[in-house]
Structures are given as C-alpha cells and as structure tokens.
1. Cα centroids of the range 161-215 and the range 1-63: how far apart, whole angstrom?
2. Peptides 369-377, 177-185: what's the order by average Cβ count within 10 Å, highest mean first?
3. Within the range 268-289, which residues have the backbone N less than 19 Å from the label spot 7 Å out from residue 24 along Cα→beta-carbon, could you tell me?
4. In nm, give the distance between the simple-model label positions of residue 140 and residue 241, each being 7 Å from the Cα along the Cα-to-Cβ direction.
5. Largest first and in whole Å, give the semi-axes of the range 1-118's equivalent ellipsoid, each being the square root of 5 times a Cα gyration tensor eigenvalue.
6. Working from the pairwise distances between different alpha carbons, so that the mean of 1/r is found and then inverted, what is the range 159-332's Kirkwood radius in Å?
7. Starting from the Cα-Cα distance between residue 40 and residue 77, subtract it from 0.36 nm times their residue separation and give me the gain in nm to one decimal.
8. Calculate the spin-label point distance for residue 283 paired with residue 47, positioning each point 7 Å from the Cα along the beta-carbon direction, and give it in nanometres.
C-alpha cells in the first residue's frame, strides 16, 4: 500500500535492528537501542520467501520488482527476529520526520511522523503486530504511538522567503515549498529567510533590519555560504575555513532542535570536496558542516543539495540525503512542503494522473529518478 497507493519507495528487506533518530520523542519513551533489535518470534507481515522472476540473459540471478525497477535479489531465508520488514526510504518532499531509521546508510525509516495543516500521520512500518510471539518492546511502541497521536498539538507555521542562487529556488519549489523572493520589508515574525550563495548582496543593505527581525523571533537558514558573504548581512560574525568534508559524527539532536531527525549519515559526502566549515561564533555539529547561532534563530547548512549531480551514482545518493536534510530543517522551523499524500488516502491509484498500480508514482516524494544500481540490496541476502 505504501508503494502502490502513496508512491513511497519501499524496500522489502528485513531489519533485525533499528536505531532511534530522536531518542526523546514521546513515541520512543522507555525504548533504548537494546529494545529495538531481535524481537521475539517471527514477523509475518511479509512472506518468509521472496517471489522471484526469471529474466533473460544477462540477468542470470533471481530478480524481483522493487519500487517499480527490476533488480536482482539473493535468496531470503525467513523473518525471525525482524523488527521491520518493509522500509520506507526517507522522502525529500513533505514534512516527514524520521523517528527511527536503519538499513543501508540509514536511509530508510520504519517509523515516520508526517505533519500537514493542523494534523499528524504516523507511518509505522515496525513489525509491532502479526508476530508469532509477542514482544514487550513492540507492545510498548504501539502504546506510545497511540498516546502520542491522541495528545498531539500542532505547532506554529511559517512561510519561506528566499534570496540567492536560482538553482536553490528551483530546488525548493521542486520539493513542494511555496517560495517568496526577498524584497525589502518582506520579513515578519512568521517567516523563514533562506539564503544561498549570491544572496548576500541583496541582503547587505538591510543588515540592521535583519538583526532587528531576528530579535523578534525571526528564523534564517544559510546554505553553503562562506564567511565573507555571511558576515555582510548577518548580525553575528561567524568564522569558517575551507576544508575537505567526507563524513562527521554528532550526537542525536533533541526533539526541539532545528536539526531534529537528522544524523551523521545525512551529511556523508561521497565525492570528497572542500566546504566552508564553521569554526567559531556558532554551535557546531560534527566538523562544522552544520551549526546554529543566536539561540537557534540562525541555522547553517554547508552542504547544498543542488551542488551534487544526479547523473553519477555516488553523488546521486548524496543529493538524496542532503535534499531530505534541507526539507527536514525547514520542517523543524515550521515551513511545510506540500504533497498529495492526503489525497491518496481516499483515491485509488488509477484515479490520480491516470496511472495504474503497475506504474506506481515513485517520484511523489523524491527529487530524482530511481535506477537499478540505486538498490543497495541487489547483491545482499538476509
């Protein structure tokens, strides 16, 4: 259902261990890492054996259709101990927050929270039901989810104002954001200012007004700026250095952080290059690829998704992760990305854009086209 009706990319690959992305989220209360692995009995939500198809040469290995793409898949030998059997790839569009993640590069989330308007939807792909034996951790998780949804209260929403690289504007619009261009006097307390390379020149004359706006609870995101450009319009003199970034580590950001739902895997760079990494006058995550200042009112993200090509396999993965990262940061600040998710609850697949179940809408929540070699499990068994 998640794949055919909604358009998620779903990986049917059983995980016996998953990881908390937001440990202090109410849905995970009382559950540590040791309780999110090797659950009792077998999961029965998926068959213990895959249904394989034979294809002509050169596909000499067993194949399946995964997310609408024909891929090879080695043999599967049961579901014992599974905690999640059908995994949703983290979307790049929509206000989705990953509460639990796992799988290759931690790019899948079996427990996600989606917000739209004043409501919330929790997608639980964890195998909490349909088990041959009950597990106390699975029961606790199910109770937590119901209690959280029952007590949910919506948060304030903000709109987005943008200044900078036209490629950034195109990316944000493709991700479903309603974007207003920056003009003098456009900043009010319910807006988020997003600035990318080239935006400093337009903002520099309004430096004093921007400082006053931030003092009135405004929010700003700086994307891939160097120190010289950032300091032309920011009220804080942040320091940076140009240095190579491949990967970094930082602890789980808390639930109320602008980086909630984001982890080190989201800033893994598969094509080593130099970035302007933050070194001072800000709270730094990892090696300086992320940071915030002014009590969380100013956010820095030095990896920008549109700088990574989708034509190469390695950079395409980085593009996906940084796209999801940027959408998540904006969601944490109250900016919603519009999707057709709620419409798809009530309408069959065939009634939307004339597409049939044989052609699932796999680009509904993603900004690139899935290819065969993008499947990380095409040569792995479990």
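1. 40 Å
2. Listed from highest to lowest mean packing, they are 369-377, 177-185.
3. Under cut-off, by backbone N: 283-286.
4. Here the modelled spin labels are 4.3 nm apart.
5. Details: eigenvalues 156, 74, 24 Å².
Semi-axes from the Cα gyration tensor: 28, 19, 11 Å.
6. 16.1 Å
7. Numbers: separation 37, 0.36 × 37 = 13.32 nm, distance 1.68 nm.
Difference between extended and current length: 11.6 nm.
8. Between residue 47 and residue 283, the label points sit 5.0 nm apart.
Laboratory data are not the source of any read-out in this text; all were calculated from the coordinates shown. All values reported here derive from a predicted model rather than from experimental measurement. Every residue, glycine as well, gets a Cβ built from its backbone with ideal geometry; the counts of neighbours run over all protein chains shown.
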